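Following: one structure in structure tokens, then a few remarks.
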Amino acid sequence: MSNFSIKDPHIRSADEVVSQLQADSVHGLTSKEAESRLVDCGPNELPKPKKRSLILLFLSQFNNRLIYVLLVATVISFLSGQRNDAHGILLAVLINAVFGFWQEHKAEAAIEQLQAMIVLESTVLRDGTVHRLRSAEIVPGDILLLQEGDRIPADCRVVSLKDLRTDESALTGESGSVRKVTEVVEVGVGRSDMINMIWMGTSVVAGTARAVVTATGSRTAFGGIAVSLSAIMDEPSPLQKRIDQLGQKLGLASVILASIVFLFGCLSGFSFQEMFFFSVALVVSIIPEGLPAVLAVVLAIGIQRMAKRNAIIRHVPSVETLGVADVICTDKTGTLTENKMTVRQLYVDGRDWSVTGEGWKPEGAFMIDGRKVHPAELLTLNRLLKVAVTCNHASLTIKNERPDVIGDPTEAALVVMGAKAGFDRQDLLAEFDLVDEIPFS
């Protein structure tokens, strides 16, 4: 364990946490001290699963009972002189293994390329100046400067803030934002109630803050979950289980049948050698040597269909698992939904209005009684939209013709609604002066 760790930082004052971590909330750590802690604590990264070598990946394609039976049949055929049968079975097994190896290696390479493209950076205070550093270089005791849109790179104790709210849906599954405080939280509360802490994997949707890093990498709450998941053993897919059962039953049935035929043949006066070769031929004929190749082709079709829908299949049998799933238990926010809210209806001047459009795209119309109406035609609607856009912390930008928002999803929906009416938040802010702000709670 690192020497720079602190237990239950949420029950201690911010100053006490900073002191115990030998940090400085005003100037941050020195570069020399940060380098020393990086060596001591390791990079701020989640544990990566151990990568299989190419040899092990290839050999894993032979790991099922049907393949074992086919390999035994290959050896028996070869030793008994039936080399054509042996070559045919071996070719079918190798085709299956090569296909599985190629598909899984290609999938792992694609995932590695995607991960390499994602380089997260954070704003850190060091040597009294502000730096943009790779999140992997952050260490316990670092002072982070956070604002809207920032991803939280490590577990932190809030030191100071201004109307800070975070999106913790990735950690807790709750779609609503969480308002943070600097005060001490009582002992024994759950993680979702530690409102003076911010967690790795979450993001800032509103406000600003200065926070001290209390844990990095696998020592974070998110890291603990990742470690727990990595310890779970892979379950064989339904297809793998059925193939294993088939291989076991075929192997047992072929041996029993061949033994019976061999015994009756010998008792009937046939020679030992003649009955042995006949029994071996019987065993080989029972084994469906073409089955692995057929399965490989069928699964390949499924993988290609999934690829057209931008899904990467890492393990080939997973395609069949998806096909037999009856019930899927999953988190809602960010998985089944994108956490992109959209304003659908308005109630203005005693009348119901509907708003068209999807997601963050600033495209849509305001409808009443089935006809389009521009907001400028109704003073009250015009004022409502201006208020919704200006009393807001979210922002909407267009990057490479794709809309992107920073801030709380609910507030972002209001900004997008205003954009559909032609209101730009920055232009409106230039018209009005901010007098005071009373946070919603």
(message) Given the criteria among the small types (Gly, Ala, Ser), more than 30 Å from PRO317 (Cβ to Cβ), modelled with pLDDT of 80 or more and crowded, with 19+ Cβ neighbours inside 10 Å, does SER160 qualify?
(response) no
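Scan the stretch 406-417 for residues that are over 19 Å from VAL355 (Cα atoms) and surrounded by fewer than 22 Cβ atoms within 10 Å (Cβ to Cβ) and jot them down. I'd like the intermediate steps shown before the answer.
Narrowing the stretch 406-417 to residues over 19 Å from VAL355 (Cα atoms): 406-408.
ILE406, the sole residue that qualifies.
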(message) Taking the criterion of being farther than 26 Å from ILE438 by Cα and of a type in the set (Ser, Thr, Tyr), would at least one residue in the stretch 346-360 satisfy it?
(response) yes
(message) If SER354 meets every condition in (1) among the small types (Gly, Ala, Ser); (2) at pLDDT below 90; (3) in contact with a strand residue (DSSP E or B) (Cβ under 6 Å, 6 or more places away or on another chain) apart from one, which number is that one?
(response) (2)
(request) Tally the residues that are touching a Leu at 6+ places or on another chain (Cβ under 9 Å), over 19 Å from GLN147 (Cα atoms) and of a type in the set (Gly, Ala, Ser), restricting the search to the stretch 383-421. (result) 4
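Kindly establish whether VAL17 is in contact with a Lys or Arg (Cβ under 7 Å, 6 or more places away or on another chain), among the β-branched types (Val, Ile, Thr) and part of a helix (DSSP H, G or I). First the steps, then the outcome.
Numbers: in contact with a Lys or Arg (Cβ under 7 Å, 6 or more places away or on another chain): yes; among the β-branched types (Val, Ile, Thr): yes; part of a helix (DSSP H, G or I): yes.
In short, yes.
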(message) Looking at GLY42, GLY88, can you tell me which residue is surrounded by 13 or more Cβ atoms within 10 Å (Cβ to Cβ) and on the phi > 0 side of the Ramachandran plot?
(response) GLY42
(message) Going residue by residue through the stretch 337-353, is there one that turns out to be surrounded by 12 or more Cβ atoms within 10 Å (Cβ to Cβ), among the aromatic types (Phe, Trp, Tyr) and within 21 Å of GLY422 (Cα to Cα)?
(response) yes
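The values are calculated or read from the model by the stated rules, or taken from the named source; none is laboratory data. Everything numeric here is computed off the predicted structure, so don't read it as measured data. Positions of Cβ are backbone-derived with ideal geometry, glycine not excepted, and every protein chain shown enters the neighbour counts.
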